[in-house]
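Everything on this sheet refers to the single structure shown next.
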């Protein structure tokens, strides 16, 4: 037998450190360790495997957002947190589809995670609003904002791409674009 036996279930602190360090490996371990439990809960409660994958992925995003925000305090096992988030998300989905909502058969401990989900949903709504605002922004502003904030290009690279005389001119243009984007963003619902 090999002396090196890999643990399939990462410790809670390994998961949190992994998320903070941007480790994809730790997210795969979380999936392998906890997805079967979520699949079972959702299939037992009027769902299928695709539903379980969607719900699980969203719960990992909630966890990721909370850890990255820097104020995540784990007051339970990570398994319980993930289960609770998935359960809440599934109840919400069932009520939207009006399929036996409000009565999920549980086989794990549950935490009150409504506040975490509200923050996640609010952030999601803001991202969608920002996407709409970017569409209305027009060129070259849309590309300048995306290049700088999404693709992490330097002002010098943007300057060269758009033919500005120097990086300061590109920076001024980016500032004007941001002001327009803000105006569009806050005018949208």
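The values are calculated or read from the model by the stated rules, or taken from the named source; none is laboratory data. Only a predicted model underlies this, so the values are computations on that prediction, with no experimental measurement involved. In this analysis, Cβ positions are derived from the backbone assuming ideal geometry, glycine residues included, and neighbour counts consider all displayed protein chains.
For this structure, a couple of remarks:
- Helices (runs of 4 or more DSSP H) within region 139-189 that include 1 or more residues at pLDDT below 85 and under 23 Å from the mean Cα position of the chain (by Cα): 141-145, 167-187
- For the condition within 25 Å of residue 128 (Cα to Cα), free of Cβ contacts under 8 Å to residues at least 40 places away in the same chain and loosely packed, with under 13 Cβ neighbours inside 10 Å, residue 187 qualifies.
- Qualifying positions in region 35-50 - in contact (Cβ under 8 Å) with a residue 40 or more places away in the chain, surrounded by 18 or more Cβ atoms within 10 Å (Cβ to Cβ) and part of a helix (DSSP H, G or I): 38, 41, 42
- Taking the conditions (1) touching a helix residue (DSSP H, G or I) at 6+ places or on another chain (Cβ under 6 Å); (2) closer than 30 Å to residue 94 by Cβ; (3) modelled with pLDDT of 85 or more in turn, residue 9 satisfies each one other than (3).
- Against the criterion of being modelled with pLDDT under 90 and not in a loop (DSSP other than H, G, I, E, B), residue 14 qualifies.
- Matching residues in region 56-86 - criterion: being in a loop (DSSP other than H, G, I, E, B) and closer than 20 Å to residue 29 by Cβ: 72, 74, 76, 77
- In the set 32, 53, only one residue is outside any loop (DSSP other than H, G, I, E, B) and loosely packed, with under 15 Cβ neighbours inside 10 Å; that residue is 32.
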